[in-house]
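First comes the structure, then the notes that go with it.
Derivation of every value follows stated rules applied to the coordinates shown; laboratory data play no part. This is a predicted model, so every value here is computed, not measured. Here Cβ is always computed from backbone atoms with ideal geometry, including for glycine, and neighbour counts include all displayed protein chains.
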Amino acid sequence: MSLPCRRTVLVTLATLAASVAATVPLAAQAPVAPSSDTSAHHESQNFFARLGRAFASDWNSPAYTPPAPATAAPASGSAPADSTPPASSSSVRRALPQPFDSPPFPTAEWQIGGTPIIGDANALGYGPLMEAVTAGDHGSWWKTSRIQVYGWIDVAANASTSKTTNAPASYDIRPGHVELDQAVLYIERLPDEAQTDHVDWGFRVANLYGLDYRFTTMKGILSQQLLQRNNEYGYDPVMVYADIYIPKVFEGLNVRIGRYISLPDIEAQLSPNNLTLFHSLLYSYDPYTQVGILSSWKLTKNWTVQLGISGGNDAVLGTTDARPTGTACIQWINTSNTDSFYPCVNSINDGKYAYNNLQDFVATYSHKFSEKWWTSTESWYMYEKDVPNIAGNVTNPPPTEVGANGAFCNAGQPTCLGNEFAILNYTMFRISGNSFLTFRNEFFDDFKGQRTGYKTKYSEDGIGVTFWPNKIATVRPEMFFEHSYDLYAFDNGTKPNQFIGAIDVIFHY
């Protein structure tokens, strides 16, 4: 993450699990149908009346509906219902079947970053805002254009044994607070990558306001909010990119140009795409976004190769911290669709100390045991060279970069290698059609203290629930325990342990 930084409502997980266990039964994936309130007889109403009807309808509609007996070609969705426009009726999915239902899971696909799903129409359903828009006078244009405007508001609260800060836990660093984590507006068009008869295109502009901007900031893009003024809340255009889909190059080629999320990681910056509210240490301290060009080559249904070049991690081209940085990943999915292996050289260049100039080598293995159980394990090794010594055991060390820590080097060393290792596991159990449990365990070793500010090892164990009471709300209570082994690293270095209970509610529109 770009800076090491981060409530009072604690909901008992067992109670919530019991309350949702009797809800919609488990079944195979089904797309979320658009609200009937977007039909033609509402076109005469003004926009706000249509919007109110759409919200009311979706509030009273289940997020997950078991599919009717299959009598036609399978539906082609690839993302949560709040995030994609309807599929082209002529497009039939060419990729392997989706392994998960979304909702309740954040995504229906195996993890892969930097590209839409090649072989899929990348479409599923509308949220209430677009339901209201497409029921108006210009609805047919919006449907034909595949352009969609949508988003969410995420409000969170936590209670912690720490008094001054929850860091190095993130994102919610203030103990005992209610926070606006994210207010997000997306404007996007997803390319239809199931069809093979023409080049298609897409784009995304993702606007984020809230506490979480502190963890997405890229140096050179409105970064003065954090690096100069340390504003608690701020705005970040976290993704601004274009996609070009070229069929008939193997199984398809996607080229992404602009600012995009760094490719690896089980977790995600945007709340609906994440498995929990709080993030792991592994995710909190690795690269977040890059500006560059990334190509994703679908060689077969089982193999995808990704190659790209960017200006580096969290530093825009034109700043002194930017430098040519390579990215190379490969994804393998087995034919039975129960296993995914995704190793990446996420960022490689000269490795010299700069703002988040991390050399990042990462791999994720995921396995689906059944329709209810699946697991994903990620590990990385990162480093920067020539990191200034801040241990106080050397005279005249080089100055540190604004917003980037130094390292606790050996005595007499003006600089040293700042390196880290982490391994993380998520295991999910689906309680019902619209809810699941998440178990998270990790180990993190900040060898020189260059990422967290403490030269110590950490472990973390936690549990959370994700519950969709309807189509436009997601509720996520959780609790976890963290321990630092070599130094007191919690509550500003005064405690070896930290326990946090938290909950957030995401309202989709």
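In percent, what relative contact order does the stretch 215-335 have, based on Cα pairs under 8 Å that are 6 or more apart in sequence? It would help to have the intermediate numbers written out before the result.
Values: 219 pairs, mean separation 28.0, N = 121.
This gives 23 percent for the stretch 215-335.
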Pairs beyond 28 Å (Cα-Cα), from K352/K495; K372/K457; K143/K471; K163/K385: K352/K495; K372/K457; K163/K385
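Mind giving me the FRET efficiency for D339 and S140? R0 is 41 Å, r the Cβ-Cβ distance, nearest 0.05 is fine.
Computed FRET efficiency for D339 and S140: 0.45.
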Eligible lysines near K248 by straight Cα distance, threshold 22 Å, same-chain separation 8 or greater: K298, K301
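Multiply the residue separation of V149 and T196 by 0.36 nm, subtract the distance between their alpha-carbon atoms, and state the gained length in nm to one decimal. Write out the running numbers ahead of the final one.
Values: separation 47, 0.36 × 47 = 16.92 nm, distance 2.63 nm.
Contour length minus Cα-Cα distance gives 14.3 nm.
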Computed P(r) (all Cα pairs; the chain; 20 Å bins; percent): 23, 58, 18, 1
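In whole percent, what relative contact order does the stretch 313-454 give with Cα contacts below 8 Å and a gap of six or more residues?
Details: 328 pairs, mean separation 24.7, N = 142.
Relative contact order for the stretch 313-454 comes out at 17 percent.
Taking the number of other C-beta atoms within 10 Å as the exposure measure, put L417, L307, L51, L294 in order starting with the fewest.
Lowest to highest Cβ neighbour count: L307, L417, L51, L294.
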Length gained when the stretch V205-F507 is fully extended (0.36 nm per residue, less Cα-Cα span): 106.8 nm
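At 0.36 nm per residue, minus the direct Cα-Cα distance, what do F250 and K495 gain on full extension? Give it in nm, one decimal, please. Please list the in-between numbers first.
Numbers: separation 245, 0.36 × 245 = 88.20 nm, distance 5.46 nm.
Result for the pair: 82.7 nm of gain on full extension.
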Neighbourhood charge, 13 Å Cβ-Cβ cut-off, centred on L317 and excluding it, Lys, Arg +1 and Asp, Glu -1: +1
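Magnitude of the Cβ-charge dipole of the chain, K/R +1 and D/E -1, about the Cα centre, nearest 20 debye?
Value, rounded to 20: 100 debye.
With a Förster radius of 25 Å, plug the Cβ-Cβ distance of I187 and N231 into 1/(1 + (r/R0)^6) and report the FRET value to the nearest 0.05. Don't skip to the end; give the middle numbers.
Values: r = 24 Å, r/R0 = 0.97.
Working from the Cβ atoms, E equals 0.55.
Starting with the highest mean, order 465-474, 396-405, 113-122, 244-253 by the number of other Cβ atoms within 10 Å, averaged over the residues of each peptide. Can you show the working numbers first?
Numbers: 465-474: 22.3, 396-405: 15.8, 113-122: 26.0, 244-253: 18.2.
Per-residue Cβ counts within 10 Å, averaged per peptide and sorted highest first, yield 113-122, 465-474, 244-253, 396-405.
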Residues listed by number, the stretch 294-326, amide nitrogen under 15 Å from W332 label point at 7 Å toward C-beta: 299-306
For the chain, calculated [θ]222 nm from helices alone, where every DSSP H run of n ≥ 4 adds -39500 (n - 2.57): -2000 deg cm²/dmol
